[in-house]
Amino acid sequence: MVDSRKPIYLYLETVNCMKNKYLAFLFFFLPAILFSQKGFVKGTVNDDEGAAAFGAVVTVSSGSYTNSAQVDNEGSFGFSVSPGKYNISIRLQGFQEYKDSVVIDVEKNVNLGVVRLREAANLLGEHIVGIDKNPRTETTVSLNTIGRDDIRRIPAGMGEQDLIGALVVTPGITMTGDQGGQLYIRGGPPIQNKVIMDGAIIYNPFHSIGILSVFDTDLISYADVYTGGFGAQYGGRISSVMDIRMRDGNRKKYSGKVGITPISGKFIIEGPIKKLKENGGSSASFLLNGRGSFLEYSSRVFYPYANTTNTNSVTFGLPYNFWDIYGKISVSAGDGGSKVNIFGFSHNDFVNFSSVTQLNWSSAGGGLNFIVVPGSANVRIDGVFAYSNYQIKMVENNEQNLTRESSVNGFNLGLNFHQFFGTNRITYGLEAVGTFTHLKYDTPYSTRISNDNNTTEIAAFAKAKINKWGFVFEPSFRLHYYASVGEVSPEPRLAIKYNLRDWWRIKVAGGMYSQNLVAANSDRDVVNLFYGFLSGVENLPATFRGDKVSSRLSKAQHGILGMEFDIGQYVKVNLEGYFMNFSQLMNVNRNKQFEDGQIATENQPDYLKKDVIVEYGYATGFDATVKFEYKNLYLWFVYSFLDTKRTDEIMTYTPHFARQHNVNMVGSYSWGKNKDWEASVRWNLGSGFPFTQTQGFYEFVDFQGGIGTDYTTSNGTLGIEYAGPNTGQLPWYHRLDVNVRKTFMFRNKKNNRVSKMEINVGGSNLYNRKNMFYMDRVTFQKIYQLPIIYNMGVTFEW
């Protein structure tokens, strides 16, 4: 419920923060003050091809003194130490150990620059680096880091392995299966989940077919997925964050990859613009990727049982088409670790169920991100400037021909500073976001919701990580200013982990979050296809359940408690319980029956005529993950429970994305001389989504002629009588996918270059479960998600 006293609380809290600004300064910069009489050694760790060496551990030692820390996602590290001579070693599985010695004093700090690790001699071809963060020195509350090796363990959908495969087995994440385009995280709908690629905001990360994302797996460096409790470096969303980083092009040689599956084809071309020399120095590279589908045509040949026929006896294949383009130029300034990337992207989707609905969406943008490593200061600076545009339009092919269209475009920029003190760290920065949103949305009541708005957001944040006495403390604070609505949101956040034993850890996190974007989805749809946006909403009720609506933001508070267990060397268990309080939510008004601002409707309640309504709610749940990894065998079990409710002006209801039970089981086994064979299997079971049932139909007369309208002769439109919101439940969803991959390696004896060919063979929905995709309320025509799909994919890499 909206509390009319909240502005007073926020004002007092802001004033109190200002009064204690010096205390806050000391809190965040105390490590720098304490270490001011010490010297430091810093550097950047890359692999042999110039990419950040995730997971590398740097050890600094002198006599009885030893300190170790894992590099961050950019490969950076730093230690503040007393003057003296120190030995430095850098280790990473699959690479030769790096050793060096340095002399450090207060007047002579040491910058090792870029340290390039050499691949171990017994490795053949590509070696994928592990990216797991150290669970003893990082809080890792509700954080899952996904790399290419994780994605490759999941069965390939349609012959191609994709980020979606790893996301759907991540605890707390629910996908609507083949229906695609919809990601639900711990009770939060897609609008509450922030997706970032190379620093640019991506407004729709999934293709409508649901098996593929817009990100090519071969380009992904890593993805940090926060399902809650994320730190102050992220803002503008109240549920989760998915931060994806794409790799750079090859700096040493020209290479490429081509692939084809029954639904799509792709290519990758990359190479040096200025070649990286063996002794280091500056370099530059390019990378270009393209991917497109032809499923609408190929399905007629490969999957004829999935074809549909319209009323004119015309046969159609599976009506999904898409294409993606991504390009990147990377320039490294030299051995100091500074670099700049320029990137661009374009994604397009076309869905045409000719007798039900048509849906098209596109996304395009680009930007620049950079890293600056000053040689004389214990700091790393990084930043981004990016632009992104997204447009979507959906037309229902029924008597009403309801049309929905939306677009959002704008920029985001950020500047961050990082200081390293071994396992301790300070990060602070600034962020600005500007967006323009457009929405035109026809409702079943012959009314229209329209909104066009420009919004601006400015934020500053600071975050510290402190390892002490077996604890890991991560306090952070974000001050987020929504200029377009004139609101300031102070957002304190905190994560703590305590190492009870080397094998047993407890963790807790909490924080305050806010956002300005509102989803333009309809809870009336059996399955949602349309994904639109509103921002800076103005046409909303003056009161909510008797209280004055004093804020135009959606707000939430997170609380998370968890445990981690290491059972021997091979089993890892992670348990987390959470509670998310959505103290204020903005939602498109599904109850709108009258146009606002007209004399005839001025006495109607706001919840029947405003474009947006106010709600509150909660989400509580439990996630359990068990991982077993021994030699060539990998097993993963995930169970998620969710209970979530929303309350509007009229009622309390269950949102349509609430999947109460979700189970995922994954297995992967590799064999052969060079592990060139791999088999994987995944089974997913989920309770059915809630939906709003249809009770009946009637003729709807809008009385446009006023009181004199003769309803006995007027031609009305088809009206629908709905049951209570989301009181029905779709059938349980379940699907079995399997995949076998064979890798062939070819070595050119003349130049010693290695080429690789991979063949993927498998099947999706192996026992042909009929999972619901879409149903037209008027014709009752049902369209199911993908039937059994046998697939084969071939890629060749050189």
Post the alpha-carbon centroid distance, the stretch 721-771 to the stretch 90-116, in whole angstrom. 42
Spatially proximal lysines relative to residue 194 (Cα-Cα < 16 Å; intrachain offsets below 8 disregarded): 555
Can you figure out the FRET efficiency of residue 547 with residue 149, using R₀ = 45 Å and their beta-carbon distance, to the nearest 0.05? 0.30
Gained length - residue 504 relative to residue 340, 0.36 nm times residue gap less alpha-carbon distance: 55.0 nm
Show me the chymotrypsin sites (Phe, Trp or Tyr not before Pro) within the stretch 232-279 that DSSP assigns to loop and that have at most 15 other Cβ atoms within 10 Å of their Cβ. 254
Return the FRET efficiency for the residue pair residue 596, residue 715: r is the Cβ-Cβ distance, R0 is 22 Å, and the value is rounded to the nearest 0.05. 0.25
Which residues qualify? For residue 76, with a placed amide H closer than 5 Å and at least 5 residues away or on another chain, they are 45
Could you pull out the GluC sites (Glu not before Pro) across the stretch 385-485 that fall in loop regions by DSSP (anything but H, G, I, E, B) with no more than 10 other Cβ atoms inside 10 Å? 399
Within the stretch 539-553, backbone nitrogen closer than 20 Å to the virtual label 7 Å beyond the Cα of residue 581 toward Cβ: 544-553
Anything over 29 Å Cα to Cα? Flag those among 275/673; 99/252; 393/610; 42/631, in the order listed. 275/673; 42/631
FRET efficiency, 1/(1 + (r/R0)^6) with R0 51 Å, evaluated for residue 561 and residue 106 via beta carbons: 0.75
For residue 232, which sequence-distant residues (separation of 5 or more, or a different chain) have an amide H within less than 5 Å of its own amide H, given hydrogens modelled in the peptide plane? 477
Report, please, the projected area of the stretch 164-298 averaged over directions, based on the convex hull of its C-alpha atoms, in nm². 10.1
The stretch 487-592, relative contact order in percent, only Cα pairs under 8 angstrom and at least six apart counted: 28
Grab the Cα-Cα distance for residue 302 and residue 778, subtract it from 0.36 nm times how many residues apart they are, and report the gain in nm with one decimal. 168.2 nm
Can you work out the Karplus-derived ³J(HN,Hα) for every residue in the stretch 671-682? Use 6.51 cos²θ - 1.76 cosθ + 1.60 with θ = phi - 60°, whole Hz, and x for glycine or proline. 8, x, 4, 10, 6, 8, 10, 8, 10, 9, 9, 9
Within the accessible area of the stretch 557-634 (1.4 Å probe), percent carbon and sulfur: 58
Scalar couplings 3J(HN,Hα) for the stretch 215-230 by Karplus 6.51 cos²θ - 1.76 cosθ + 1.60 (θ = phi - 60°), nearest whole Hz, x for Gly and Pro, are 9, 6, 3, 5, 9, 6, 7, 6, 9, 8, 10, 9, 8, x, x, 6
Looking only at the stretch 189-275, where both bridge partners belong to it, what percent of the DSSP beta bridges are antiparallel (to the nearest 5)? 75
Report the trypsin sites (Lys or Arg not before Pro) located in the stretch 652-705 that are in a DSSP loop and have at most 15 other Cβ atoms inside 10 Å of their Cβ, or state none. 673, 675
Ordered by residue, what ³J(HN,Hα) values in Hz, to whole numbers, does the stretch 201-207 give under the Karplus form 6.51 cos²θ - 1.76 cosθ + 1.60, where θ = phi - 60° and Gly and Pro are x? 6, 10, 8, 8, x, 10, 6
Going by amide H atoms built from the backbone, whose H comes under 5 Å of the H on residue 182, apart from near neighbours? 176
Which of rounded, prolate, oblate describes the stretch 369-519, given a ≥ b ≥ c as roots of the alpha-carbon gyration tensor eigenvalues and a/c under 1.5 marking rounded, otherwise prolate only if a/b is larger than b/c? prolate
Here the Kirkwood hydrodynamic radius of the stretch 214-266, Cα-based and in Å, equals 14.2
Potential extension, residue 99-residue 569 segment - 0.36 nm per residue separation minus Cα distance: 166.4 nm
Sorted by average packing, counted as other Cβ atoms within 10 angstrom per residue and highest first, what order do 500-510, 582-592 take? 582-592, 500-510
Is the chain best put as rounded, prolate or oblate by its Cα gyration tensor, with a ≥ b ≥ c the root eigenvalues, rounded for a/c under 1.5, and otherwise prolate when a/b is larger than b/c, oblate when not? oblate
Computed label-point distance, nm, for sites residue 395 and residue 432 using a 7 Å Cα→Cβ extension: 4.0
Express the accessible area of the stretch 531-578 per residue in Å², computed with a 1.4 Å probe while the remaining protein chains stay in the model. 41
What does the highest-first list of 559-570, 78-89 look like by mean Cβ count within 10 Å? 78-89, 559-570
Heavy-atom surface of the stretch 163-268, accessible at 1.4 Å and reported per residue (Å²): 14
Can you give me the relative contact order of the chain as a percent, contacts being Cα pairs under 8 Å and 6 or more apart? 10
Explain nothing, just the number: relative contact order of the stretch 377-431, from Cα pairs under 8 Å at least 6 residues apart, as a whole percent. 38
Which distance in Å, rounded to a whole number, links the C-alpha centroids of the stretch 37-59 and the stretch 444-501? 30
Assuming a ≥ b ≥ c are the square roots of the Cα gyration tensor eigenvalues, decide whether the stretch 755-798 counts as rounded (a/c under 1.5), prolate (otherwise, with a/b larger than b/c) or oblate. prolate
Per q in 0.15 Å⁻¹, report the Debye log10 I(q)/I(0) for the stretch 363-437, using one uniform scatterer on each alpha carbon and no solvent. -0.68
What lysines does residue 507 reach when the alpha-carbon gap must be under 17 Å and sequence neighbours fewer than 8 apart in one chain are set aside? 133, 465, 468, 497, 572
Unit Cα scatterers, Debye sum, the stretch 606-671: log10 I(q)/I(0) for q = 0.27 Å⁻¹: -1.10
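The values are calculated or read from the model by the stated rules, or taken from the named source; none is laboratory data. Being a predicted model, the structure only gives us computed values, none of them experimental. When we count neighbours, we look across all protein chains shown, and the Cβ atoms used for this are built from the backbone with ideal geometry, even at glycine. Ligands, DNA and RNA are stripped out before the accessible areas are found, and what is left, the full protein with its side chains, is counted by its heavy atoms. Shrake-Rupley method; radii C 1.70, N 1.55, O 1.52, S 1.80 Å.
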